[in-house]
Structures are given as C-alpha cells and as structure tokens.
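Everything on this sheet refers to the single structure shown next.
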Amino acid sequence: MTDPIARWKAEHANFSRLLDLMDAQIALFHEGERPDYELMLDVMHYMTHYPDQYHHPHEDLACQVLLEREAAYREAVEDLAGQHARIAASGTRLVQDLNAIVNGALIARAAVETDSAAYTRTLRQHMQQEHELIFPALDRVLDTADWASLDTRIDLAADPIFGGSVDKRYTALQQRIAEQVGCDCTPVT
Ligand SMILES: [Fe+2]
Ligand SMILES: [Fe+2]
C-alpha cells in the first residue's frame, strides 16, 4: 500500500507544475500578449477531473477520521472542506470561461485572467495549509488500519497525466509540462 500522504505530496508537486504553466500564461496576458487558452483549458480540464474528483475527496474522508478522533480539528477540517468546494466551483467556472473564449463567445478576457490568477493563488495557499497543518495531523492520528479502511471507501482512479500512462486528451499538455516546467515523465512523441 502506498503511503497516501507521500502520494498526496507528490501530487501537490504535480499540481504546482500545472499552476506554474497557468501563471506563465497569466504573465503573458499582463505583457499584452495572447495567452494559450487551449493550454489553460487542458490544465483546468485536468484540475477539475482529477484533483477535484479524487485527490480532494480522499483528503476529506481522511479528515473525517481525524475529526472523529480529535474534535479540536473541527474548524480546520471544515475550513479545508469548504476550500475544496470553492476550488472545485471556481475551477468549473474557469473551464466555462475558457471554453467560451476558445469558441469565440463574447467574454471579458481581463476577468478570466483575474479569475485564473485567483485560482492558482488559492490552490497554492490550500496545498500549503495541508502541508503545514493537516498532513502532520493525519500522520500522527491515523494508523495503518485507518488508511486501509479508507482505501476500501474511495474510488482510486489513475492520474491521467502523471500516473504512468498519459490519457490522449492530455498528450499536448504533457509535452508542454516536460518542456517548460519539468517532470519525471517522458514526453510522448
Ligand atoms: Fe486538498
Ligand atoms: Fe491536497
């Protein structure tokens, strides 16, 4: 059984690489150049289909066990669950905005850029909070049996970019990750 906290930390490093790509596109916008909206859309498609549907719900389940053991974590756990919900909602909104741009709909591009910057900032702060407060608490309080029990309650899908084989939908994105922000993966040719 893989250590879930080690896996989450590795996934955070992957998410950070994607946020770096997003931030680079936002910087282009500020320099008056056209961002690569298709690339941003690929990143956000992934963020709303892997972290929002598997990574964060798994963390929420583990946090529920933490709360059952130590009620003092109630505020932190509820705060984290709220952040997960807000991150998912703003990610979905961003996908809709980017889709609108790619499809030529009339939409304020500056607003999309502001929302993108807010998304990357919020997710970075969120991951930092998990590293500093939540992961150490989970590591201290949950035992092997807890983690094994959680594994039976969660649908663990393979990561479609970093999980060993790359989903066709993300081939171009994976190439950009390898070229621009580095990854432990081999670019697909
Ligand atoms: Fe999270
Ligand atoms: Fe996380």
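Could you check, for the range 25-35, whether at least one of its residues is in a helix (DSSP H, G or I), within 16 Å of ligand 2 (Cβ to nearest atom) and of a type outside the set (S, T, N, Q)?
No, the conditions are met nowhere in the range 25-35.
Give me the residue from the range 60-90 that is farther than 30 Å from ASP167 by Cα and β-branched (Val, Ile, Thr) and, out of that set, surrounded by the fewest Cβ atoms within 10 Å (Cβ to Cβ).
Only one residue tops the list, namely VAL65.
Count, please, the residues in the range 80-98 that happen to be farther than 12 Å from ASP52 by Cβ and either within 11 Å of ligand 1 (Cβ to nearest atom) or without any contact (Cβ under 8 Å) to a residue 40 or more places away in the chain (or both).
Here is the first cut: in the range 80-98, the residues farther than 12 Å from ASP52 by Cβ are 80-82, 93, 96-98.
Right, trim to either within 11 Å of ligand 1 (Cβ to nearest atom) or without any contact (Cβ under 8 Å) to a residue 40 or more places away in the chain (or both) and you get 80-82, 93, 96-97.
The qualifying residues number 6.
Could you grab me the full set of residues in the range 38-59 that are away from ligand 1 (no atom under 16 Å from the Cβ) and buried (at least 18 other Cβ atoms within 10 Å of the Cβ)?
LEU39, MET40, LEU41, ASP42, VAL43, MET44, HIS45, listed by residue number.
All but one of (1) within 12 Å of ligand 1 (Cβ to nearest atom); (2) over 23 Å from ARG169 (Cα atoms) hold for GLN64; which doesn't?
The number of the failed condition is (1).
How many residues are touching a residue at least 12 places away in the same chain (Cβ under 8 Å), within 16 Å of ligand 1 (Cβ to nearest atom) and closer than 16 Å to SER16 by Cα when one looks only at the range 99-134?
10
Do the conditions hold for ALA24, that is, is it without any contact (Cβ under 8 Å) to a residue 40 or more places away in the chain and either of a type outside the set (Lys, Arg) or touching a helix residue (DSSP H, G or I) at 6+ places or on another chain (Cβ under 6 Å) (or both)? First the steps, then the outcome.
Numbers: without any contact (Cβ under 8 Å) to a residue 40 or more places away in the chain: no; either of a type outside the set (Lys, Arg) or touching a helix residue (DSSP H, G or I) at 6+ places or on another chain (Cβ under 6 Å) (or both): yes.
Answer is no for this residue.
Read-outs throughout are calculated quantities, based only on the coordinates presented, and are distinct from any laboratory measurement. Given the structure is predicted, the values throughout are model-derived calculations rather than measurements. All Cβ positions, even for glycine, are placed from backbone atoms using ideal geometry, and neighbour counts span all protein chains on display.
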